[in-house]
1. Suppose we filter segment 589-608 for residues that are assigned to a loop (DSSP other than H, G, I, E, B) and surrounded by 18 or more Cβ atoms within 10 Å (Cβ to Cβ); how many remain?
2. Quickly run through segment 170-185 and pick out the residues that are of a type in the set (G, A, S) and open to solvent by less than 20 Å² (accessible area, probe 1.4 Å).
3. From the list H188, H224, exactly one residue is surrounded by fewer than 17 Cβ atoms within 10 Å (Cβ to Cβ), closer than 15 Å to F124 by Cβ and at pLDDT 95 or above. Which is it?
4. Tell me, yes or no, whether segment 255-272 has at least one residue that is under 30 Å from V463 (Cβ atoms), more than 13 Å from the ligand (Cβ to nearest atom) and not in a helix (DSSP H, G or I).
5. I'm trying to understand the selection: among the residues of segment 342-375, which are within 26 Å of M396 (Cβ to Cβ) and of a type in the set (A, V, I, L, M)?
6. Going by the structure shown, is S242 more than 24 Å from G133 (Cβ to Cβ) and open to solvent by less than 10 Å² (accessible area, probe 1.4 Å)?
7. For segment 333-364, enumerate the residues that are in a helix (DSSP H, G or I) and of a type in the set (A, V, I, L, M).
8. Quick check: is even one residue across segment 319-334 surrounded by 21 or more Cβ atoms within 10 Å (Cβ to Cβ) and touching a helix residue (DSSP H, G or I) at 6+ places or on another chain (Cβ under 6 Å)?
Amino acid sequence: MPSYRDFHRESIDDPEGFWRREAARIHWETPFSDVLDRSNPPFARWFCGGRTNLCHNAVDRHLAARAQQDALIYVSTETGIERRYTYASLHAEVNRMAAVMRSLGVKRGDRVLIYLPMIPEAVFAMLACARLGAIHSVVFGGFAAPSLAARIDDARPALIVTADAGARGGKVIDYTPLVDEALSRAQHAPAQVLLIDRQLAPERLKAPYIVDYEPLREQYFDAHVPCEWLESNEPSYVLYTSGTTGKPKGVQRDVGGYAVALAASMEYIFEGRPGDVMFTASDIGWVVGHSYIIYAPLLAGLTTVMYEGTPVRPDGGIWWRLVEQYRINLMFTAPTAIRVLKKQDPALLRAADLSSLRTLFLAGEPLDEPTAAWIGDALGKPVVDNYWQTETGWPMLAIQRGVEALPQKLGSPGVPVYGYDLRLLDEHTGEPCASGDKGVIALGYPLPPGCMSTVWGDDARFVKTYWQSVPGQHVYSTFDWGVQDDDGYVTILGRTDDVINVAGHRLGTREIEEALSSHAAVAEVAVVGVNDAVKGQAAIAFVVLRDAGAVDDPDAAKKLEAALAATVDRQLGAIARPARVHFVSSLPKTRSGKLLRRAIAALAEGRDPGDLPTIEDPAALVLIREVVMGRG
Ligand code: PRX
């Protein structure tokens, strides 16, 4: 194995040679003619002319060598259900689901919106889409009806797949009324909704558009649906994520590049070998779920563990017992989960036999030093922080132990991953930063395989949002601040835009502001993220009311705060609910009327907002400081 430095250098100097070699990890039904098409920057097309299929590579290809190996182990502590699927039985279930979808008219290029809890059928549905060449768009089950409706209208799906209910922390969440509301709000609702009936919701909706999966599954029990061989650059899926505006972006991914990038990452970053067991505790509605619950482990012939439940139910030892019971080798979650577990009795961790576990991977939000140190000591195994985004689909920064086990530095996710020409650039001049200076983390052209190909239906937005925001440079902006040391290690210093990260969930403060503004009492609102000891960040709202007198007495203020929180629950989902709503008489703005969010965020965290030469009304700052300190 070459050194990390040589490996990375080669990937940047000769991407064609580097990725041609890596492409051999997957099956190509038709070989590609060109490794990389750079004719239309910033777009990059990988493995042009090659034909392949994600489902074939994740499932069918393994039947020869590992048909009887577990592919998927499903555990729900919400329902007490455990199910195991070998590669052979996963293959059969995916074929059934694909046959059912096909019978409902789904064909290559159609979108299928998947709004499902953590159940095996979600995996079958995603892989069935891949098999048919349909484009899946999974919407996180925690999102409310208006968010779902917005995604329906953007993706215009031919079919929605949903369930009667989700479950979290012992509470059943009915899905069908949410889907019903979303369909009535949407302009581009599909004619049919395929329903997985878990029999959790006491009285699920029986609208005429609902088609039950179970009888159809029986009907297509022995079906075999051939894989559609897709050109490498055809879309595999669209996954919505938050940005600066209130309108979520559909991150579009290709087929061949994604397969190659994920398969390579399993060796070089995750050191996952065929037959290993990997437990990624995330949700299929997020990118970590797409890449590391489903596609990467299956592409590489591992067993993936899918878990429905929280890390603390029935008690804080549940994840460690899963490691023992299923001989889990690789575990992947977000730092928030570890901060939650840190508050549990350490005996729960020590009680389990963790000898199978090789490495714990953490991503999605900054890993603070105390948490990293605690879990590293408690497990006595390497803890590998890795930094990436929905847009990239796989890590940009990590210690790549499968290349070279460089030392860890607490507080840094590590060094740039092969394939990524990562640079720190000055926010104003676009010039490279000196080591130790804070800058915007950017990526040079082309992005490596597996990264987003465009914004669904909006190439112009892809170019403008991501490639034209660093002055004078044609680079991709991550919208994260960072600082790089002399050894190349990068530390993440937060977002440059209005995105916040609550318990590893990426949220747009603009979306929360829009939800709050829909309440009749609200005149103006600013939402900012503040540090939170467990969740990393929490959303705090500052609201100017139409009638300031409405909150004169504390009871009325409490009631209105609850009503505003409920509005966010209904519009976006409970995950976006602000931790606090403060009522103020004005918000600090520039003379041109722009909200001074960074200043508000600084004050909300008790920091100095610094010099604000363009401020219209400095008194508004004093107000914010006072309400935050409880004197408002
Ligand atoms: O701000 C960075 C933060 O999460 C953002 C991406 O979130 P999302 O699209 O949900 O994708 C998560 C994929 C793991 C980034 O722009 N972030 C992600 N990983 C880290 C991180 N911040 C610090 N350290 C990390 N390891």
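The values are calculated or read from the model by the stated rules, or taken from the named source; none is laboratory data. Just so it is clear, the model here is predicted, and its values are computed rather than measured. Here Cβ is always computed from backbone atoms with ideal geometry, including for glycine, and neighbour counts include all displayed protein chains. Please note that ligands, DNA and RNA were not included when accessible areas were found on the heavy atoms of the full protein model with its side chains. Shrake-Rupley method; radii C 1.70, N 1.55, O 1.52, S 1.80 Å.
1. The initial filter retains those residues of segment 589-608 that are assigned to a loop (DSSP other than H, G, I, E, B), namely 591-594, 596, 605-608.
With surrounded by 18 or more Cβ atoms within 10 Å (Cβ to Cβ) added as a condition, the list becomes 596.
The qualifying residues number 1.
2. Within segment 170-185, the first condition is being of a type in the set (G, A, S), and the residues that meet it are 170, 182, 184.
Answer for segment 170-185, where residues must be of a type in the set (G, A, S) and open to solvent by less than 20 Å² (accessible area, probe 1.4 Å): just A182.
3. Details: H188 fails: closer than 15 Å to F124 by Cβ.
Selected residue: H224, the only one of H188, H224 that is surrounded by fewer than 17 Cβ atoms within 10 Å (Cβ to Cβ), closer than 15 Å to F124 by Cβ and at pLDDT 95 or above.
4. Looking through segment 255-272, at least one residue is under 30 Å from V463 (Cβ atoms), more than 13 Å from the ligand (Cβ to nearest atom) and not in a helix (DSSP H, G or I).
5. Of segment 342-375, the ones within 26 Å of M396 (Cβ to Cβ) are 357-375.
Answer for segment 342-375, where residues must be within 26 Å of M396 (Cβ to Cβ) and of a type in the set (A, V, I, L, M): L357, L360, L362, A363, L367, A372, A373, I375.
6. Values: more than 24 Å from G133 (Cβ to Cβ): yes; open to solvent by less than 10 Å² (accessible area, probe 1.4 Å): yes.
It is true that S242 is more than 24 Å from G133 (Cβ to Cβ) and open to solvent by less than 10 Å² (accessible area, probe 1.4 Å).
7. Of the residues in segment 333-364, the ones in a helix (DSSP H, G or I) are 335-342, 346-350.
The answer is A337, I338, V340, L341, A347, L348, L349.
8. yes
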